[in-house]
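Single-structure report; data block below.
The values are calculated or read from the model by the stated rules, or taken from the named source; none is laboratory data. From a predicted model like this one, the values you see are computed outputs, not experimental measurements. Neighbour counts are summed over all protein chains in view; Cβ atoms, including those assigned to glycine, are modelled from backbone coordinates with ideal geometry. For accessibility, only protein heavy atoms count, side chains too; no ligands or nucleic acids. Shrake-Rupley method; radii C 1.70, N 1.55, O 1.52, S 1.80 Å.
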Amino acid sequence: MKRTLFFFLALFVIISPVFGELTPQDLDKIRLIVKEEVATSEKQLKEEIAASEKQLKGEIAASEKRMKEYVDIKFDSVNERLVLVVGFVSALIILIVVTVGIPQIIMAWRGKSEQEQNKRIEELAREIETLKQQRIINP
């Protein structure tokens with residue numbers, strides 16, 4: 001029984017601080033400690049956020065630069081192809097103009113000389129008619 005009593009007495013001695021109350025000063029000290037911890041954590045968090053933002057801005061700038069170079073290369077490639085297509089179309093237009101235009105010019109030139117020949121033939125036909133009439137009148 002003495003052991004049991006001694007055991008309970010030792011237990012109450014160890015447990016007695018548990019029943020102590022916190023004073024307003026203790027609470028103020030706890031609040032101060034918590035505020036300091038929150039302030040340091042907040043400061044560290046802000047620094048980490050700033051570092052992350054800086055790193056992210058750098059990565060975005062590098063990505064934009066790579067994208068601009070890629071677009072410039074693609075634009076140059078498309079521009080070269082467009083110039084090539086325009087060259088081919090121009091060549092085809094010139095070829096069509098030459099194949100249609102030259103025969104038209106030749107036909108117009110021939111038509112002009114044929115008209116001149118027709119006029120000459122008509123003049124000669126009139127002269128022949130006049131000469132025939134003169135021969136008929138003056139045999």
In the neighbourhood of GLN104 defined by beta carbon distances under 13 Å, the net charge of the other residues (Lys, Arg +1; Asp, Glu -1) is +2
So, with points 7 Å from each Cα along the Cβ direction, the LEU45-ILE60 label distance in nm works out to 2.2 nm
So the pair-distance distribution of the chain, from every Cα-Cα distance in 5 Å bins, comes to percents of 2, 6, 4, 5, 4, 5, 4, 4, 4, 4, 4, 4, 3, 4, 3, 3, 3, 3, 3, 3, 3, 2, 2, 2, 2, 2, 2, 2, 1, 1, 1, 1, 1, 1, 1, 0, 0, 0
Under the 7 Å Cα-to-Cβ spin-label approximation, SER52 and SER90 lie apart by a distance in nanometres of 5.7 nm
Summed over the other residues with a beta carbon less than 14 angstrom from that of LYS46, with K and R at +1 and D and E at -1, the charge totals -2
Once Lys and Arg are counted +1 and Asp and Glu -1 for all other residues with Cβ under 13 Å from that of THR130, the total becomes -1
In the chain the accessible area split gives carbon plus sulfur, as whole percent at 1.4 Å, a share of 66 percent
Note to self: with every protein chain in place and a 1.4 Å probe, the chain gives an accessible area per residue in Å² of 100 Å²
Of all lysine pairs in the chain that are eight or more residues apart or on different chains, those with Cα atoms under 29 Å apart total 17
Summing -39500 (n - 2.57) over every DSSP H run of at least 4 residues in the chain and dividing by its residue count gives a helix-only mean residue ellipticity at 222 nm, to the nearest 500 deg cm²/dmol, of -35000 deg cm²/dmol
So the angle from the long Cα axis of helix 24-137 to the longest Cα principal axis of the chain, reported in degrees to the nearest 10, equals 0 degrees
Note: LEU27 to ASN118 extended length (0.36 nm per residue) minus current alpha-carbon separation gives 19.9 nm
